[in-house]
Amino acid sequence: MNTETSILTSDRITLRPLAFDDQYWVLALQQDELWLKYIGSKNVNTLDDACDYIGKTNAQREEWGYGLLAVELNDTKQPLGVCGLFNRFAFECPDLGFAMLPEARGNGICYEACQCVIAWSASEGYRFLTAMTHPENMASQKLLQRLGFKKQGFYFDKTFPKQHLFRLELQP
């Protein structure tokens, strides 16, 4: 997942690196009320900010060998949101993250994208993944549990408020 050409696919979706042409929907996603409520502002308020975010996201992916990817429909190439792995620097394995545009919610797209990322993670030899959600974000908590994640308690970090911490075992 660490090159510009890396792609994960399923029957309905493709996960690909973010491109600067994605700036419009990346800005819309980061201004979405659920993003702001559950993830919080990342100071992406203009198209230039969206381009900066895309550049930083891609640089992190290059550095770590994994990162956040755009999720798009195979047949229309319509972008739907983001899904991928983060380095929280708190665990020995990466953290799963995802967010979908309003029109992509509730139809299994995020579940499918997460399955692609989880399968890739297992193939790369990761022993486990973590994930975090805002305590009030019941939809994401249900999704993580459907994916097989188990609630571990809470995670506290100075950069964001208390989060529910989940863990998924990948290797025996």
Give me P(r) over the chain, computed from all C-alpha to C-alpha distances, binned every 5 Å, as integer percentages. 1, 8, 18, 22, 23, 18, 7, 1, 0, 0
Full-extension gain in nm, GLU103 to GLU62, via 0.36 nm per residue minus C-alpha separation: 11.8 nm
Centroid-to-centroid separation of segment 6-72 and segment 80-123 [C-alpha atoms, Å]: 12
Contour minus Cα-Cα distance for ALA139 and LYS37 (0.36 nm per residue): 35.4 nm
When the solvent-accessible surface of protein heavy atoms is calculated with a 1.4 angstrom probe, in what order do GLU33, GLU112 fall, highest first? GLU33, GLU112
If you roll a 1.4 Å probe over the chain with all protein chains in place, what percent of the accessible area is carbon or sulfur? 51
Extension gain (nm, one decimal) between ASN87 and ASP75, 0.36 nm per residue minus Cα-Cα: 1.2 nm
For segment 20-172, dividing by residue count, accessible area per residue (probe 1.4 Å) in Å² works out to 51
Electrostatic dipole magnitude of the chain [Cβ: Lys, Arg +1; Asp, Glu -1; Cα centre; debye, to 20]: 760
Residue-ordered couplings for segment 83-93, obtained by feeding phi - 60° into the Karplus form 6.51 cos²θ - 1.76 cosθ + 1.60 and rounding to whole Hz (Gly and Pro as x), are 7, x, 10, 10, 9, 8, 6, 10, 10, 7, 10
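The values are calculated or read from the model by the stated rules, or taken from the named source; none is laboratory data. The structure presented is a predicted model; accordingly, all values stated were derived computationally and were not measured. Please note: Cβ atoms are built from the backbone with ideal geometry, for glycine as well, and neighbour counts cover all protein chains shown. Just so you know, the surface numbers come from the protein's heavy atoms only, side chains and all, with ligands and any DNA or RNA stripped out. Shrake-Rupley method; radii C 1.70, N 1.55, O 1.52, S 1.80 Å.
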